[in-house]
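What follows is a short report on a single structure.
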Amino acid sequence: MATAVMEAEGCLADLKRGRRAALEIKEVTERMLSPEYKGRVLVELLQNAHDAHPARDGLGRVEIVLDEDEGEHGVLYVANAGRPLAYKNFEALCSIGLSSKRPDEGIGHKGVGFKSVLQLTAAPELYSVVRATSKTFDGFCFRFARDGDFDWLADQVAPGRPEAAGQLRVNLSSLKLPVPVDDIPAAVVPFRRRGLVTVVRLPLRSAEAKQEAVRQLRELVDDRVPFELFLDRLGKVSVTHRVGGRGYPSVYTRKVERLFDSRGLKIQRITLRRRTRLIMVTAAVDRERAHETIAAGVESGTLTVDWQALGDSAVVSVAVPAGEPLERGRLYTFLPMGAQLACPVRGFLNAPFHTDVSRRTMAEATQWNDLLLDAAAVACARAAVLVDEGCFTIPAGALVDLMCWEDDQMRRLELAFEAQDRKFDDVPFMPVLHPAGARTSYRHGFLWNGPDRVRVFTPQAVAATGVQRMIDPQLHPLRAERLVALGVTRALELRPPASVLADWAERVASALSEEAFDPGRWADYYHDLSVCFARTGEELKGKKIVLAADGKRAPAGASGLFFQRSDGPSAALPDLPPGLAKSISFVHTGIAGQAGEAAGAPRAVSGWKNRG
């Protein structure tokens, strides 16, 4: 309170002299209530709770409780089990822009995030312990000024001046006036029993504030954008929304399995809520380029001097799903940024971007942000090369996601591969059917599913003949579509041309001829050709796809190839003379009978003659 009294005396003295220096804190606080910062209160409190835990621990705990039943409009709690509130933290909370953290020491370092709580509450409260072994909240326990506190303060600094309280109320931020709390609220006590060391309590100021708190809570726990993904100091976050006497905690865990860690690149398997698994690639930003870029930013005024601390420690991370793909990606600065920002990869990309104060948007054209996006491309390229070299394995879909950048950002990835003496089009990253576990590249791969109604001439049958560039058709349709679209922009068509399909048809026919004769399978095979090729079947001419009566394969469209009817005049014809038999052959009788039942089969092998 002594500090607040001195602040109040200075404020009144400035007013007497007609100066507005004392309004700075008030004006900055009001900016925290601007539309730019709207909707970020819960995110800011969560990042502060995250930063209270030791780095590289991964075992931190945070509890978030929105109790609509408590008080007039409800209360929002955010508690953590990290380090207790120290004096420097207390001082920072009471001073705009006085964070004790460097940019490389945590998510929040601008010293303004906590002030955003005024969007939801008129008088935030904080409760902490002296040390981790304390049984009760016996450390910094205080709230910020309520309206009536300015009356008491005016009596202290300007007795006999009834107008002083109003002047202080208008010109002195409530966040400059901490008030000790001796009696811990009953609802706060259980947090300590559960091992939490610091609790932020926000009595919501209005029904509108309650609605906004509910909205922010729902946005935070949106399954499409996992808030806990890059909070590497935390292992567990509990979220409870209590209303009407009911409310059960939803627990969000974060488990990490290391797959690879060498040469400045780290690959991890992250398991989140509902057993959601992602593959995360993390890489350090090149130190020399980082220092040069930050120096240029400081010189131009884009960055402040405190960004220099990131020169040696900046890292970027790209996380992609191990299972179902995303329809679009999302950028993070540890916590999700605005949904309107375009992410270059269909995953989650985290980096210490230079953003606006709310961390919703960033200036994409800045050199620093460009460097971070380049570093993310390098991380993806290095991961793909190491997978190709057999250093580790990741799910096929995840590898595809790491490689399929958005068209306007692909040049970053191309340059990243060129730095490793590789060409993007030659990097094998698409899963193939044969051999199992192998991959192919844009230069050599083909993606072909075949019509839905085919039975014999299928991608699996083609791969079984030894074709090693058949991309697995089981790849998720969203990923397959992305591969095809990216190939079109690169003038590398993944869909096989008719000539390649015809070669595959011949290989499948060869494999069928080596099996025990099955007229039904041969009929189905010819039916498949009829739906896979143009009506004329021109591409099939000359391909040995016709099984003759002697068990050998004859080329489609060849002269002297006939259907032999099993009834009628031709059935009684004698064997052909040896010389004539060399130039005339008959389609296998069993197939001819079955083929008549398979619509379109005869035209699929252009040149057949159904004569008798």
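With just the Cα atoms defining each centre, how far is region 220-281 from region 423-450? Give it in Å.
32
Just subtract the alpha-carbon distance of W152 and A309 from 0.36 nm times their residue separation and send over the number in nm, one decimal.
Answer, rounded to one decimal: 52.2 nm.
Calculate the spin-label point distance for V256 paired with V130, positioning each point 7 Å from the Cα along the beta-carbon direction, and give it in nanometres.
So the two model labels end up 3.4 nm from each other.
Can you figure out the FRET efficiency of H476 with A549, using R₀ = 35 Å and their beta-carbon distance, to the nearest 0.05?
0.15
For Y252, what residues show an amide H to amide H distance below 5 Å, using hydrogens built from the backbone and excluding near sequence neighbours?
Amide H neighbours of Y252: V237, S238, V239.
Residue by residue, what Karplus-based ³J(HN,Hα) values in Hz, rounded to whole numbers, does region 294-310 have, using 6.51, -1.76 and 1.60 with θ = phi - 60° and x for Gly and Pro?
Couplings: 5, 4, 5, x, 5, 5, 7, x, 5, 10, 9, 4, 5, 5, 4, 5, 7 Hz.
With a 1.4 Å probe and all protein chains kept in place, how much accessible area does V432 have, in Å² rounded to the nearest 10?
Answer for V432: close to 10 Å² accessible.
Give, rounded to the nearest 20 debye, the magnitude of the charge dipole that region 129-278 has about its Cα centre when Lys and Arg contribute +1 at Cβ and Asp and Glu contribute -1 at Cβ.
Dipole of region 129-278, to the nearest 20 debye: 1240 debye.
Whose amide H sits under 5 Å from the amide H of T198, counting only residues 5 or more places off or on another chain, with H placed in the peptide plane?
N80, G82
Estimate the FRET efficiency between A464 and H444 by the formula 1/(1 + (r/R0)^6), using the beta-carbon distance for r and 25 Å for R0, to the nearest 0.05.
The calculated FRET efficiency here is 0.85.
Taking a point 7 angstrom from the Cα of E514 along the C-beta vector, which residues in region 414-435 have backbone N less than 18 Å away?
434-435
Which FRET efficiency value, to the nearest 0.05, do you get for T276 and D408 by plugging their Cβ-Cβ distance into 1/(1 + (r/R0)^6) with R0 = 25 Å?
Plugging the Cβ-Cβ distance into 1/(1 + (r/R0)^6) gives 0.30.
Report, ordered by chain and residue number, the aspartates and glutamates lying within cross-link reach of K38, taken as a straight Cα distance under 15 Å and ignoring same-chain residues fewer than 8 apart.
Straight-line reach from K38, under 15 Å: E30, E208, E212, E219, D356.
Which order do peptides 322-335, 246-259, 511-524 fall in by mean Cβ count within 10 Å, highest first?
Put in order of decreasing packing, that is 322-335, 511-524, 246-259.
About the Cα centre, and with charges only on the beta carbon of Lys, Arg (+1) and Asp, Glu (-1), how big is the dipole of region 365-498? Nearest 20 debye, please.
520
Normalised by the residues of region 113-164, what does the relative contact order come to in percent, with Cα pairs under 8 Å and at least six apart?
Reported as a whole number, the value is 25 percent.
Taking amide H positions as placed in the peptide plane 1.01 Å from N, state which residues far from R469 in sequence (5 or more) or on other chains have amide H under 5 Å from it.
Distant-sequence amide H within range of R469: zero hits.
How high is the relative contact order of region 150-273? Use alpha-carbon pairs under 8 Å, at least six apart in sequence, and give a whole percent.
Normalised by residue count, the contact order of region 150-273 is 11 percent.
Pulled fully out, how much extra length does the chain show between A55 and R490, if you take 0.36 nm times their separation in residues and subtract their Cα-Cα distance?
Contour length minus the Cα-Cα distance gives 152.3 nm.
Hey, what do the phi angles of region 499-509 turn into as Karplus ³J(HN,Hα) couplings, whole Hz, using 6.51/-1.76/1.60 and θ = phi - 60°, x for Gly and Pro?
5, 6, 4, 5, 4, 5, 4, 5, 5, 5, 4
Just to verify a number: what accessible area does T304 come out at with the full protein assembly present, 1.4 Å probe, Å² rounded to tens?
Counting only protein heavy atoms, T304 exposes about 80 Å² to solvent.
Expressed in nm to one decimal, what extension gain is obtained for the pair D452 and V531 from 0.36 nm per residue of sequence separation less their Cα-Cα distance?
27.4 nm
The values are calculated or read from the model by the stated rules, or taken from the named source; none is laboratory data. Model, not experiment: these values are computed from the prediction. As a convention, Cβ positions derive from the backbone with ideal geometry for all residues, glycine included, and neighbour counts pool all protein chains shown. Protein only, heavy atoms only, side chains kept; ligands, DNA and RNA dropped before computing areas. Shrake-Rupley method; radii C 1.70, N 1.55, O 1.52, S 1.80 Å.
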